[in-house]
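Laboratory data are not the source of any read-out in this text; all were calculated from the coordinates shown. Predicted model, so just to flag it, every value in this text is computed and none were measured. Virtual Cβ from ideal backbone geometry, glycine too; neighbours counted across all protein chains shown.
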Amino acid sequence: MMGSNYPVTENTDGPVLAEDGPVTADSELLYRAPVLDEAGRLLCAGWARNPLFEYNPPVLGGAPRTRITQADRYIIFSATHMIVFEVMDGGYLGRIGVSIISFKDRKRSTQIFDSLFPLGRYELPESSVTGSVRIREKKSSLEFIIMKSGARIIKVDIPRFGHHRYLRGEVVLSPPARQTQSLVTLSSWRREKKTFRYFCCSPWFITEGVMQFGTAEIYFTRDNAWGIFDWLREARPRRDIHYWACACGTASGKLVGFSAGYGSVDSAAGTENAFFVDGVIHKLDQVVFHIPPADWLEQWRFSSNDRRLEMSFTPSQERAEHKRILLHSIRRRQVFGFFSGRVILDDGTELAFWNISGFAERRKTKN
């Protein structure tokens, strides 16, 4: 378990880069490039402000199909609730999950549909900006629809959510401006051949709509509701551990959000750490999670090695899950709550933020 002063792993071998890869001095990728070559080897590593990398599942033959993870996740917030929608194909195990977290009464309800060896059955898109997801499980349905305008629509209809209530509704997630940026990273694991992690996060959506949850209605209004899109395609190593946190809200009249994460993956060429203001990225270097070792529901602290980010996390509630099939297991621990702190933006100005909604998680996988 991570202690209260868990160090960021020091990289000594240098970033994994193609010999003539399209990489700038700070490993920001500026040109379009395929993720893998025809042999399934990673061509370049780094980060980008837009999804420049071309993900091509037919060339994944170098990695066992049971170790390929494809996941789309949306997290939406209002002043009273957080809802997490997730579709994940993990090779051995597939999951369609929805969690509803109430901030007011500190209650949580979760509905998960598991399937063994989905192996592409969910037909998740190859791009994070095009393609829609439509899932049918028994009498339930979940849809992620991407519009040409950049807006996204989430539709859900689960007649027996938690076996005694239903969840039904539709929300629209809109970008705050025409020219928005995302945090996109492409990396691999050291000394693990045929592995890669292609990650995209957009923590800046404006959310509108309503969800009917049993007899209650959960409203998402334009001035008081936000959303995050989390997209992952990867070929995992035999063992992996990953920490990630995200949040979205408003500060000083601006839409703000962040992504922060690290783990056993090699992030030398580009970390998963960035702060966003009105859809514009401000890239951060390494971020450390200072987790209270005795109780994850006590206050956390986050800090960056470039001293640009300092924030606290006040947890509200916690969720843990453990799934195992044959030699594969996945453990995930999630904590939901509120983030406050300060960040130094790229132009040197300081921005303070208070109580923006989000969550942090740790995921361990073993194959």
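Of all residues in the stretch 237-290, which are hydroxyl-bearing (Ser, Thr, Tyr) and either assigned to a strand (DSSP E or B) or touching a Lys or Arg at 6+ places or on another chain (Cβ under 7 Å) (or both)? Even if it seems obvious, please write down each step before you answer.
Taking the stretch 237-290 and keeping what is hydroxyl-bearing (Ser, Thr, Tyr), we get 243, 250, 252, 259, 262, 264, 267, 271.
Passing the criteria: Tyr243, Thr250, Ser259, Tyr262.
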| Selection from the stretch 274-303 of residues that are closer than 20 Å to Phe336 by Cβ and among the polar types (S, T, N, Q) | Gln299
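Table: residues versus (1) under 20 Å from the mean Cα position of the chain (by Cα); (2) under 23 Å from Asp240 (Cα atoms); (3) free of Cβ contacts under 8 Å to residues at least 40 places away in the same chain.
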residue	(1), (2), (3)
Leu255	yes, no, no
Gly270	yes, yes, no
Phe289	yes, yes, no
Arg333	yes, yes, yes
Ala352	no, no, no
Asn355	yes, no, no
| field | Meets criteria (among the acidic types (Asp, Glu) and either under 16 Å from the mean Cα position of the chain (by Cα) or part of a strand (DSSP E or B) (or both)) for Glu298 | value | no
| field | Top-ranked residue of the stretch 175-208 - restricted to ones that are over 14 Å from the mean Cα position of the chain (by Cα) and closer than 17 Å to Val84 by Cα, ranked as surrounded by the most Cβ atoms within 10 Å (Cβ to Cβ) | value | Thr207
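Here is a yes/no grid of residues against (1) farther than 27 Å from Phe276 by Cβ; (2) in contact with a Gly (Cβ under 8 Å, 6 or more places away or on another chain); (3) assigned to a strand (DSSP E or B):
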site	(1), (2), (3)
Ser128	no, no, no
Val156	no, yes, yes
Arg160	yes, no, yes
Glu170	no, yes, yes
Pro176	no, yes, no
Leu186	no, yes, yes
Val210	no, yes, yes
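Is at least one residue of the stretch 325-340 farther than 28 Å from Lys104 by Cβ and of a type in the set (Lys, Arg)? Talk me through it step by step, then tell me what you get.
To start, the set of residues in the stretch 325-340 that are farther than 28 Å from Lys104 by Cβ comprises 325-331.
Narrowing the set further to residues that are of a type in the set (Lys, Arg) leaves 331.
There is at least one residue in the stretch 325-340 that is farther than 28 Å from Lys104 by Cβ and of a type in the set (Lys, Arg).
Within the stretch 209-243, restricting attention to residues that are within 25 Å of Ala320 (Cβ to Cβ) and of a type in the set (A, V, I, L, M, F, W, C), which residue is surrounded by the fewest Cβ atoms within 10 Å (Cβ to Cβ)? Full working, then the answer.
Initial filter on the stretch 209-243 (within 25 Å of Ala320 (Cβ to Cβ)): 211, 213-214, 218, 227-232, 234, 236-243.
Filter once more, keeping what is of a type in the set (A, V, I, L, M, F, W, C): 211, 213, 218, 228-229, 231-232, 241.
On the way: Met211: 22, Phe213: 21, Ile218: 21, Ile228: 27, Phe229: 23, Trp231: 23, Leu232: 19, Ile241: 15.
My answer is Ile241.
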| Got a sec? Which strands (runs of 3 or more DSSP E) wholly within the stretch 303-367 have at least 1 residues that are surrounded by fewer than 18 Cβ atoms within 10 Å (Cβ to Cβ) and of a type in the set (Ser, Thr, Tyr)? | 309-325, 328-344
